Amino acid sequence: MTSSISLADPRQNPAYRKTLLGSLVVAALIIICSLVLRECRGGLPLSYERSSTERQNATVERVIDGDTVILAQGGATASYRLLAIDAPEISSSKHASRQAARYKLTSSALQSLGLRSKKRLQDILPRRSEVALAFDVKPLDKYKRPLVYLYLPGKEVSVNELLLGEGNAWFFDPAPNNRFTLRLREASNRSKKRRQGLWQLLPPSP
């Protein structure tokens, strides 16, 4: 005599459904916690917590303007601000108004200089190019952007210093990030004295 065994669908078992629901809840909590931590970090990898003297590799995704780039690092992309340089603003803002007043420029003239500065940084950092970055004492600005010195492969002079030395950005004191302040200020002063880059297009200082 042959007997048949009926195999019930485990999904109809209350114990199975309870276990499945518990697993889904745990997974959801893990994802939520990860997103919260990521948001608190500004969507960035934790690499900026390492030693400020340690260079880290990154890939250029896009140049935003003459002092800000989008980099990919550690599986995340974010906006990175170059330390100690201030490029002319491309869009209208309070900072753009302050720049225009400081350098005695019209808004359109400022934007023109901003596009020139951006183009130069794009030439230095083409999309998908590799760079190295280093942090200083204060890793983030008030917008939670990492503050960095960027380096081309095999180069000891930072992109920050290169832009200042060419006159394609203006110097600003990045205190408390003063690791390279002296040499960066000197690079800017040299280009200003020679009226290179942006300086040649500005009204002469009194």
Simple spin-label model, 7 Å along Cα-to-Cβ: VAL137 to ARG55 in nm? 2.4 nm
Taking H placed 1.01 Å from N in the peptide plane, check which residues at least 5 places from VAL63 or on another chain put their amide H under 5 Å from its amide H. ILE70
Please turn the phi angles of region 129-139 into ³J(HN,Hα) values with the Karplus equation 6.51 cos²θ - 1.76 cosθ + 1.60 (θ = phi - 60°), one per residue in order, whole Hz, x for glycine and proline. 6, 8, 9, 10, 10, 9, 9, 10, 5, 9, x
Using the Karplus curve 6.51 cos²θ - 1.76 cosθ + 1.60 with θ = phi - 60°, what ³J(HN,Hα) values do you get for each residue of region 66-81, in whole Hz, with x for Gly and Pro? x, 9, 9, 9, 9, 10, 9, 8, x, x, 10, 10, 7, 7, 10, 9
Mind giving me the FRET efficiency for ASP173 and ARG127? R0 is 25 Å, r the Cβ-Cβ distance, nearest 0.05 is fine. 0.20
ALA101 versus LYS119, label points 7 Å from Cα toward the beta carbon: distance in nm? 3.0 nm
If packing is taken as the mean number of other Cβ atoms within 10 Å per residue, what is the order of 95-102, 186-193, highest first? 186-193, 95-102
Pick out, in residue order, every one of the GluC sites (Glu not before Pro) in region 75-184 that is DSSP loop and has at most 14 other C-beta atoms within 10 Å; say none if there are none. GLU156
For LYS138, enumerate residues with amide H under 5 Å from its amide H, sequence gap 5+ or separate chain, H modeled in the peptide plane. ASN177
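Computed from the coordinates by the stated procedures, all read-outs in this text should not be read as laboratory data. Note that the coordinates shown come from a computational prediction; the quantities given were computed from them, not determined experimentally. Ideal geometry is used to build each Cβ from the backbone, glycine not excepted, and the neighbour counts take in all protein chains shown.
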